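First comes the structure, then the notes that go with it.
The values are calculated or read from the model by the stated rules, or taken from the named source; none is laboratory data. The shown structure was predicted, so the numbers you read here are calculated from the model rather than taken from an experiment. Because the Cβ atoms are built from the backbone with ideal geometry, glycine has one as well, and the counts that use them run over all protein chains shown. Ligands, DNA and RNA are excluded from the accessible area calculation, which covers all protein heavy atoms including side chains. Shrake-Rupley method; radii C 1.70, N 1.55, O 1.52, S 1.80 Å.
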Amino acid sequence: MRTTKTFAILIASVALSAGLLADNPEKNQKKELEKQVKAMTSEAQSLERSGQLAEARIKYAESQALIEVKDVTEAIKRLDDEIHKRVKNALSESRKAYESRKYKEAAAMLEQSMKLQAFQAVLSYNLALCYHQLGEREKAVEYLTKAKSGTIDPKQRQKLLQLMTMLTTGESGISVNESEKERVLRLNRLADSIGLEASLEDEGGAEEMLVEGDVEAAEPASGNSGPNEEAATAAPVQAKAGVKPAVAPPAAPAEVRAAALHSDITASHRSSLCNALSESKSALAVSASATFDLANCSESNGRTAEAVRLLEKYLEMAPKALDADESRVRVSDLKSLLTLQGQNGVEVRKLNATAYGALAERKYDRALAAFNKAETLTPEFSRTRWKLGLLHEAMGNVDEARDNFTAYQQLVTEQSEKDEAALHLSTLEAKRTKYDEEVDEAGDIIADLFSRAMNLTWNAAENRRALRAKRAQVKKKEERKIAQSRAGGFAVPFAYAQQQLAQAAEHLQVALALFPLGAEANELMGLVFLQANDGHAAMRSFDVVASQALPVSFYAEMRGHKQDQAVKCELTHDRIRLIYLSSYDKKGNAVPPSRKAGADGLGDLVIDPTAARTAQFDSMEIKLSEIKKVETNAGVIGLRIPKHDIILSPIYLPSFTPVMGPQARRFANNYTRLFVRYPGMEDSKLGTEGMSGGEKFAMGMKIADASMNMAMGGFSGIGAISSVQDAISIARTIQAAKVSLNVSFASWEKSVDDQQQLLAGKAFKAIPMQPVSLTYLEAK
């Protein structure tokens, strides 16, 4: 009996154990994940012992994709402390070398420290100073471009932009009195915010008609150096007798205006950079950069001959400018426009002015419509086809680009011009393939992060069931009760999120080097910039998206009158749509919507601009007329609509979500500004970004870093993400990625240069004033 009873107990015990294992697969999964983490940790420790700190940190952070382990979190903090210590020591030692005029030695130390991925903006700025002292201007400008992306302090940014101009043009800056200094500073601030706070329209009027002889005067001169402006350019054209002179900039044709669904919002609230430049023209007569900016204004406002004259004056004032060759190409292009006769010629010049003004303000739909209209007016004019080819290529519209480059080849007679078009035609397919690969890689990374951050377990792999989702928190314990209604989403290990975002940005950098106006890459880059807390950079990417009639989107947790829901918030010119991704109970358990939110469960993270969007979603659509108010409220966005209010808590991955004080208001303002710019809700209320008296007192006058340092590892403020898009240069991006393309590096680089000439060749320059500080920076 005893034997039988014992056997029965054993059988029951085995059955119970089997049942427990069957009923608790998460326990087995967790053990398997911990085993994998242990192996990855061992590899990370080996890298750390060999001195490869950045590589070790990456491996530790990768393990957090599986499961967050306390030992790994502590190891990452230890590495961050050591990395920061080493970079600060390198900065101190390199400063000594710099001050001893050992510039190569200082640069070598800084270059080595860049590999540690910390304090990138500071290192880049100091490297720019070193290469400036070594006389390597191009390299200095490249590093300044990277430093600019990581610099948010307005005063430091202005100094950096002025130094960039000085290195580009070779000018030494102008001496101005205090009153004029304020005017120049305002000009520089406007130049840095074109399309946001500044417009290009001016009161100078447009050239209406060419008089006899102007065509010959405007013909391109031979040789590379700029000819005498009086002999080679047409004087500003006067209206014929009986024709009323122009007193306003050329209006965009109806076809152009109709195409611009997102363009002209807040126009009445923006200051004109070109009017401000004109007012200070006499004081700035000796400034090469001001002359260049005035040429941009002339071109954008339809004064083609005047733009030629000013650009040639710029080349005389700055003969060794780094952009001298590009400026000569512009002169040649403008002179070819002046050869167009009759009313069609006048209209084509106006349309080119509209297009270039639209490009400067990032209204790409208007630019495309203007060039298309110009092509219908003068189909025999080859340059329009060339510009349309470049613009479509930049957008990733391969078929349209091919059609226009082919038409250009047929119109031109010079073999060199035919060959130039052939180069673009030969690279289109390879570039499209590479672009799609990079966007897919970035999309997978970002989709996984947002699925984790909103606890959308049905979007993830089975072994994710072992992960325990925790609600997003704040850093200060005393604010955690407040954060329950303001911090959206669920916690993702910060080091892992930072690393994944930076990796996604690297893929997007390559994609944007190929097709800088690709809608898909800019959709993703806008989301990445929001995670970097850089709202202005996000809008630069989202402008591309809106120009292609796509919604501008972000992810948030919606706090409603009944329950919390994860949503994708889509903004278009006439409405707001909140696509439901899940709902949550009080414990944070997620329930999927009745209809899956698109194939990816994220309401379509990436939307193909060429494909019809047919998916049906569980969603709320709100017409603009129904919204009474949009405002920043601490760290969230409030929407007041009939019957109830909606609170949107943006999903924030790389650090603790700010919920109180100026940091929280700056954070939420990035999202509120999207409602202003895209649906055009100009009455939206932004939060005050400065500190109130009470906040200053509470903090003992220790004002928090405005960039909201995102944990460690150099991922501070705009740092590791924003610098990626501008990182050192597009050419180096191409050099790194070219191995996977069946295209020569020279061919790819040339096609990118042509795109940049169209899209960025007319970027305004900050006007340098003496003295521009060359002070070596320290890490804080």
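Consider I647 carefully, then state whether it is in a strand (DSSP E or B) and open to solvent by less than 20 Å² (accessible area, probe 1.4 Å). Here the answer is no, as I647 does not meet what is asked. Mind checking which residues of segment 483-520 are surrounded by 23 or more Cβ atoms within 10 Å (Cβ to Cβ), part of a loop (DSSP other than H, G, I, E, B) and at pLDDT 90 or above? Within segment 483-520, F515, L517, G518 meet the criteria. With (1) crowded, with 18+ Cβ neighbours inside 10 Å; (2) polar (S, T, N, Q); (3) within 30 Å of K568 (Cβ to Cβ) as the list, and T433 as the residue in question, which single condition is left unmet? For T433, the failing item is (1). When the residues of segment 279-303 are filtered to those that are in a helix (DSSP H, G or I), out of contact with any Asp or Glu (no Cβ under 6 Å at 6 or more places or on another chain) and of a type in the set (S, T, Y), the one that is surrounded by the fewest Cβ atoms within 10 Å (Cβ to Cβ) is T291.
Quick one: in segment 140-151, of everything that is polar (S, T, N, Q) and in a helix (DSSP H, G or I), which residue is farthest from the chain's Cα centre (by Cα)? Here the answer is T145.
Residue by residue, here is whether (1) over 23 Å from M40 (Cβ atoms); (2) surrounded by fewer than 24 Cβ atoms within 10 Å (Cβ to Cβ); (3) at pLDDT 95 or above holds:
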position	(1), (2), (3)
H84	yes, yes, no
K88	yes, yes, no
S94	yes, no, no
E105	yes, yes, yes
S113	yes, no, no
V122	yes, no, no
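Is it the case that G357 is within 31 Å of the chain's Cα centre (by Cα), outside any helix (DSSP H, G or I), buried (at least 22 other Cβ atoms within 10 Å of the Cβ) and modelled with pLDDT under 95? Here the answer is no, as G357 does not meet what is asked. Please tell me if F697 is out of contact with any strand residue (DSSP E or B) (no Cβ under 9 Å at 6 or more places or on another chain), of a type in the set (A, V, I, L, M, F, W, C), modelled with pLDDT under 85 and in a helix (DSSP H, G or I). Yes: the conditions hold for F697. The number of residues in segment 322-354 being over 25 Å from M164 (Cβ atoms), open to solvent by less than 20 Å² (accessible area, probe 1.4 Å) and among the small types (G, A, S) comes to 2. Among the residues of segment 373-409, those that are more than 17 Å from V752 (Cβ to Cβ), free of Cβ contacts under 8 Å to residues at least 24 places away in the same chain and either in a helix (DSSP H, G or I) or among the hydroxyl-bearing types (S, T, Y) (or both) comprise E375, T376, L388, D399, E400, D403, N404, T406, A407, Q409.
If you check R366, R432 for being closer than 28 Å to A295 by Cβ, of a type in the set (K, R) and assigned to a helix (DSSP H, G or I), only one passes: R366. Filtering segment 556-588 to residues that are free of Cβ contacts under 8 Å to residues at least 24 places away in the same chain and within 15 Å of W458 (Cα to Cα) leaves only S583. Considering V545, V567, the condition of being crowded, with 22+ Cβ neighbours inside 10 Å, touching an Asp or Glu at 6+ places or on another chain (Cβ under 6 Å), within 25 Å of F667 (Cα to Cα) and modelled with pLDDT of 90 or more is satisfied by V545 alone.
Can you say whether L315 is without any contact (Cβ under 8 Å) to a residue 40 or more places away in the chain, open to solvent by 10 Å² or more (accessible area, probe 1.4 Å) and in a helix (DSSP H, G or I), as far as the supplied structure shows? No: the conditions fail for L315. A residue that is part of a strand (DSSP E or B) and either farther than 21 Å from D600 by Cβ or hydrophobic (A, V, I, L, M, F, W, C) (or both) can be found somewhere in segment 544-554. So, in segment 618-635, of the ones that are open to solvent by less than 40 Å² (accessible area, probe 1.4 Å) and part of a loop (DSSP other than H, G, I, E, B), which residue ends up nearest to E557 (Cα to Cα)? Only one residue tops the list, namely G635. Scanning segment 130-139 for residues that are part of a helix (DSSP H, G or I) and surrounded by fewer than 24 Cβ atoms within 10 Å (Cβ to Cβ) gives Y131, H132, Q133, R137, E138, K139.
Condition check: more than 21 Å from the chain's Cα centre (by Cα) and open to solvent by 10 Å² or more (accessible area, probe 1.4 Å). Does A664 satisfy that? Spelling it out, it is not the case that A664 is more than 21 Å from the chain's Cα centre (by Cα) and open to solvent by 10 Å² or more (accessible area, probe 1.4 Å). The single condition from (1) open to solvent by less than 10 Å² (accessible area, probe 1.4 Å); (2) over 23 Å from D645 (Cα atoms); (3) part of a loop (DSSP other than H, G, I, E, B) that G588 fails is (2). The selection criterion, being within 20 Å of Q548 (Cα to Cα) and either surrounded by fewer than 24 Cβ atoms within 10 Å (Cβ to Cβ) or basic (K, R) (or both), holds for A537. Restricting segment 378-395 to residues that are in contact with a helix residue (DSSP H, G or I) (Cβ under 8 Å, 6 or more places away or on another chain) and open to solvent by 10 Å² or more (accessible area, probe 1.4 Å) leaves a set whose member that is farthest from F515 (Cα to Cα) is E380. The set of residues in segment 444-456 that are out of contact with any strand residue (DSSP E or B) (no Cβ under 7 Å at 6 or more places or on another chain) and open to solvent by less than 10 Å² (accessible area, probe 1.4 Å) comprises I446, L449, S451. Considering segment 404-423, the residues that are within 31 Å of the chain's Cα centre (by Cα) and farther than 13 Å from N372 by Cα include one that is most open to solvent (accessible area, probe 1.4 Å), namely E420. Going by the structure shown, is K155 without any contact (Cβ under 8 Å) to a residue 24 or more places away in the chain, open to solvent by 60 Å² or more (accessible area, probe 1.4 Å) and within 27 Å of F529 (Cβ to Cβ)? So K155 passes the test. Looking at A599, A615, A611, just one residue is touching a Gly at 6+ places or on another chain (Cβ under 7 Å), surrounded by fewer than 17 Cβ atoms within 10 Å (Cβ to Cβ) and hydrophobic (A, V, I, L, M, F, W, C), and that residue is A615. I'm told C297 meets every condition in (1) under 25 Å from V545 (Cβ atoms); (2) touching a Cys at 6+ places or on another chain (Cβ under 6 Å) except one. Can you identify the failing condition by its number? C297 satisfies all of (1) under 25 Å from V545 (Cβ atoms); (2) touching a Cys at 6+ places or on another chain (Cβ under 6 Å) except (1).
On the basis of being in contact with a Ser or Thr (Cβ under 8 Å, 6 or more places away or on another chain) and open to solvent by 50 Å² or more (accessible area, probe 1.4 Å), does E197 make the cut? Against the criterion (in contact with a Ser or Thr (Cβ under 8 Å, 6 or more places away or on another chain) and open to solvent by 50 Å² or more (accessible area, probe 1.4 Å)), E197 qualifies. Kindly establish whether E68 is in contact (Cβ under 8 Å) with a residue 40 or more places away in the chain, surrounded by fewer than 15 Cβ atoms within 10 Å (Cβ to Cβ) and farther than 30 Å from A108 by Cα. Taking the combined requirement at face value, the residue does not satisfy it. Which of the residues that make up segment 288-326 are small (G, A, S) and under 27 Å from the mean Cα position of the chain (by Cα)? Listed by number, the residues that qualify are S289, A290, A295, S300, A321, A324.
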